Amino acid sequence: MDNDIILRVENLKKHFQPHLTFSQSITGAKKRKVVKAVDGVTFDIRKGEIFGLIGESGSGKTTTGKLVMKLIDPTEGTMTFQGEDVTHLEKEALKAYRRKVQMIFQDPYASMNPRFKIRDVLEEPLVIHKIHGDRNEREKALIKALTEVKMNPPEEFLGRWPHMLSGGQRQRIATARTLLLNPAMLVADEPVSMIDLSTRAEILHMMKDVQRDLGLTYLYITHDLSTARYFTDRIAVMYLGRIVEMGPADMIIDDPKHPYTKALIDAVPEPMSGKVGVIKELPISGEIPSPANIPSGCRFHTRCPYAVPACSELPEPELEDCGGGHLHACRRWKEI
Amino acid sequence: MEPILQVQDLRMHYHTSKGAVKAIDGITFDIMPGETLGLVGESGCGKTSMGCSILRMPSPPGRYEGGKVIVAGRDILPLPEKEIRKDVRWEEVSMVFQGAMNCLTPVYTIGRQMLETLQEHREMEPGEARALIDEYLKLVGLTPEVAQRYPHELSGGMKQRVVIAMALFLKPKVVILDEPTTALDVIVQAQIINLLKKLKQTFDLSFIFITHDLALEAEVADRILVMYAGKIAELGTNEQIFGAKGPSHPYTEKLLQATPLLHKKVEHLHFIPGTPPDLITPPKGCRFNPRCEKCMDKCREEEPPLVEIEPGHQVACWLHAKN
């Protein structure tokens, strides 16, 4: 079982220290509030699975993704990748790690140098990692990667500029760029949120094919439950820097236990008639609190319709298993 | 009942150095008081151009090439700009632009920005204006205290409420909302949708709701207009589009199939291959023909007329047009 796990994250935290403002530095005030973007996250990603990290803006999902990519260093906690501790890496070790864990960014319009032809865009990672020195070999690798993401005919795209491609095609190129390094895991942060609905499905489908063909593992970060249901095997729902519910995608969406997950699911619009005159009842009101000022006890109690005094007084509930690998962090789950 | 807004055979083209981009190419529809019309389509289908054209402010190099926009019985296209500003824009028809919430000036308080809109159109005592601002902030579910705050102190949902309040200020009859919830989280999105429904009931407002998200249209729109490449593909009631029978135009059908459903696990999502056409030289015949699965020989040759297949349900497709 343990051999199946490609990435293990334990009690990972990232706290940001805001800079002092000018007036604060003059008066010597020490009222700096720490922003707890990620506040104790634990999860395992199995080899060959698509793991979805879901949450609203401000839930810490992107920060978690950056921690996994090692773009920032954690404040606390450990990360184990393929059995090796990768919590703190430097120089060569970091470069080697980044080769194995690659990222697909949200904005395909900003993630490519507009002055690079597609050939250069794709060659860049090979140059950085000093692989495929021979020109012919490089060419072959590029064409193979383009074929994997179904850019047909591949030769034709090499000479084009990024501005000549649509959002969907750019996201294919971005995927091809990561594949060139033979990664074991891909982190995809909202890869389709900027793509038109009509092509969104096409990109997700392509990514799923690539994942199956090459036996890759994905960490898929999104706010969109509907695509997560289609795309992922397991889902973790984040709220204010912590995971509140985690388990197989179908279980989470068909039978959510945590009131926050329930509220998220209720809020998703569905394309069916007969809802125009109805004002939807929303179980939770307001917006996500600031991560600089996290409520006591269960951090969701300020917005929870089922909260009782115990929820704010007792220490924060830990994730507990309610069967079938379905974990949740709600004390009152049986009553609600 | 008289329609509050009528658009008749409207044509608006962007004149670029490469030729005229036919962004709006002969569109006709009307809206009744208290009705929400949903405008859907992919990016580049002319949804936003449509919104701006109704306000008589097509962005340059856009020019009207014909048609009428009739607001409360009067064609506004020939009116001088001065009159539009005085009587029509924001007074009769207002708009919440895409990303409007990010266009609030960071250096002014919310109250001051709202006051500016008000002073531009009305002569008012400061006290009176402040009372009105407070009233509208309450109306959109904010506390009057928000008027003293700066945009960076507000969340996305709160800023969106502020711009909606600003669009309602002068009591317009029609409000155009261009992707008002795209940048918001699902829960906040549902809150804003509820707010719009309440406002509609209270003021008997008409909305034009522009989005690319069909699921969202199902929640808000009484009637749905599906645009493709500057033309109407399908226009029907919520029931006709989202009911058990399903939509009638292959484009709407495909869009609906591409929308992932939360409560139904599917192995394979559909998508529409290709991209919307270049509107300088649109494809011959039906503009959707290069991407359509049900394309016939006729579709490549002749443009399908918009026909009424049942009361209030119009479709531009050769599958439904009788010869």
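No lab work stands behind these numbers, since they all come straight from the coordinates. Values in this document were obtained by computation on a predicted structure and should not be read as measured data. When we count neighbours, we look across all protein chains shown, and the Cβ atoms used for this are built from the backbone with ideal geometry, even at glycine.
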Quiz item: Taking Cα centroids, how far is the range A:104-150 from the range B:32-108 in Å?
Solution: 44 Å
Self-check item: Two-decimal Rg/Rh across the range B:126-166, once Rg and the Kirkwood Rh are taken from alpha-carbon atoms
Solution: 0.95
Self-check item: Alpha-carbon Debye profile of chain B, log10 I(q)/I(0) at 0.07 Å⁻¹
Solution: -0.30
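Under the 0.36 nm per residue contour assumption, what length would be gained going from the current alpha-carbon distance of B:K68 and B:D9 to full extension?
Values: separation 59, 0.36 × 59 = 21.24 nm, distance 0.68 nm.
So the extension gain works out to 20.6 nm.
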Quiz item: What is the Cα centroid distance between the range A:36-75 and the range A:280-336, reported in whole angstrom?
Solution: 20 Å
Quiz item: Roughly how many debye, to the nearest 20, is the charge dipole of chain A about its Cα centre, given +1 on each Lys and Arg Cβ, -1 on each Asp and Glu Cβ, and no other charges?
Solution: 1000 debye
Self-check item: Amide H contacts of A:T87 (H built 1.01 Å from N, under 5 Å, at least 5 apart or other chain)
Solution: A:M79
Practice problem: Return one number: the angle in degrees, 0 to 90 and rounded to the nearest 10, between the long axis of the Cα atoms of helix B:126-139 and the longest principal axis of the Cα atoms of chain B. | Solution: 50 degrees
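Let me have the 222 nm mean residue ellipticity of chain A computed from DSSP H runs of 4+ only, each contributing -39500 (n - 2.57), with the sum over all residues rounded to the nearest 500.
Values: 12 runs with 113 residues, N = 336.
Rounded to the nearest 500, the figure is -9500 deg cm²/dmol.
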Quiz prompt | Ellipticity estimate at 222 nm from DSSP helix runs (n ≥ 4, -39,500 (n - 2.57)) divided over chain B, nearest 500 | solution = -8500 deg cm²/dmol
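DSSP beta bridges in chain B, what fraction antiparallel, as a percent rounded to 5?
Bridges in chain B that DSSP calls antiparallel: roughly 60 percent.
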Quiz prompt | Of every Cα-Cα pair in chain A, the percent that sits beyond 39 Å | solution = 20 percent
Quiz prompt | Residue of B:P250, B:P151, B:P273 that the Gaussian network model of chain B assigns the largest fluctuation, springs spanning Cα pairs under 10 Å | solution = B:P273
Quiz item: Which of these, B:M32, B:M124, B:M57, has the largest mean-square fluctuation under a Gaussian network model of chain B (Cα springs below 10 Å)?
Solution: B:M124
Self-check item: Under 19 Å from B:K86, Cα to Cα: aspartates and glutamates that are on another chain or at least 8 residues apart
Solution: B:D75, B:E116, B:E120, B:E123
Quiz item: How big is the equivalent ellipsoid of the range B:230-298 along its three axes, where each semi-axis is √(5λ) from the Cα gyration tensor, reported in whole Å from largest to smallest?
Solution: 24, 16, 11
Quiz item: For all pairs of alpha-carbon atoms in the protein assembly as shown, what percent lies in each bin of width 10 Å, listed from the first bin to the last filled one?
Solution: 3, 14, 22, 25, 20, 12, 3, 0, 0
Practice problem: Pop out the ³J(HN,Hα) list for the range A:319-332 in order, Karplus 6.51 cos²θ - 1.76 cosθ + 1.60 with θ = phi - 60°, rounded to Hz; leave Gly and Pro as x. | Solution: 5, 10, 8, 10, x, x, x, 9, 10, 8, 10, 9, 5, 9
Quiz item: Amide H to amide H under 5 Å from B:V96: which residues, 5+ apart in sequence or cross-chain, H placed 1.01 Å off N in plane?
Solution: B:I176, B:L177, B:D178
Quiz item: If you put +1 on each Lys and Arg Cβ and -1 on each Asp and Glu Cβ, how big is the dipole of the range B:100-171 around its Cα centre, in Debye rounded to 20?
Solution: 260 debye
Self-check item: Most mobile of A:M207, A:M112, A:M272 in a GNM of chain A (Cα contacts under 10 Å)
Solution: A:M272
Practice problem: Report the far tail of the P(r) of the range B:100-171, meaning the percent of Cα-Cα pairs longer than 18 Å. | Solution: 28 percent
Quiz item: In straight Cα distance, which lysines are under 19 Å from A:K262, not counting same-chain residues fewer than 8 positions off?
Solution: A:K61, A:K280, A:K334, B:K264, B:K265
